[in-house]
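Enquirer: Here you go, one structure.
No lab work stands behind these numbers, since they all come straight from the coordinates. All values derive from a computational prediction rather than experimental measurement. Methodologically, a virtual Cβ is constructed for each residue, glycine included, from the backbone with ideal geometry; neighbour enumeration extends over all protein chains shown.
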Amino acid sequence: MTFEASLRLAVQEVVRILPPVSEFSVSGPVGFTAVLPCELTSVDTHTLYIKWEIKVNTQSKIVFEREGEESYQDEGYEGRVDVPVEELRKGNCSLVLRNLRLTDTEIYTSYLTVTRHKRELSVTKETSRVHLTVSDRTEERPDKNSDSPDKAEERTDEKNSDSSGDTEKDPRYWWWILIVPGLVIPAGFVWWFLRRRKETISEYSY
């Protein structure tokens, strides 16, 4: 078997043992932290290596790259992205992206390098593809048809005040103000007069 044939078979073997590409959708509001899933399974990685990229105008752009203890963070992502070494050793290659920005909305792809020492062959393979959507975090706005308890109380007071004002403007209100005393006072006088007269008659009778 020629060297080229052996190399082709070795590449096919490495690709065969690599896991299929996993696709995910992740979303989060501005300022929060997102975890872009990535997991290494059934792969013997002799070198701790992971790379995350995005596409910018059809060109690949490295967002984060780790090789052992060394790591690279692209401009605009400094201090916000990481794949911790201890997690990578466990097979967790998820990208932690902090302090989300609207401009972070992209498709993120992770790549891993597998080395087969028996044939001294390394292959870089796409392992995870994540659609990240960052939404604008807006303050909750109260329903225009609903009021807070304080507002509701104010509206009730205003309503009662308006009702009182309307009552005072009603002509019938003043009619009762004038007519009731005009009836009660004479009636009281008549009652007092009749009682007094009765007492007087009683005194003369004795």
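Enquirer: All other residues with a Cβ under 13 Å from the Cβ of T127 taken together, and with Lys, Arg as +1 and Asp, Glu as -1, what is their net charge?
Expert: -1
Enquirer: How much net charge surrounds S22 when only the other residues with a Cβ under 13 Å from the Cβ of S22 are counted, with Lys and Arg +1 and Asp and Glu -1?
Expert: -1
Enquirer: Taking H placed 1.01 Å from N in the peptide plane, check which residues at least 5 places from R101 or on another chain put their amide H under 5 Å from its amide H.
Expert: Those lying under 5 Å, H to H, from R101 are G31.
Enquirer: Please give the peptides 90-99, 76-85 ranked by average Cβ packing (other Cβ atoms within 10 Å per residue), highest first, as a rough proxy for protection.
Expert: 90-99, 76-85
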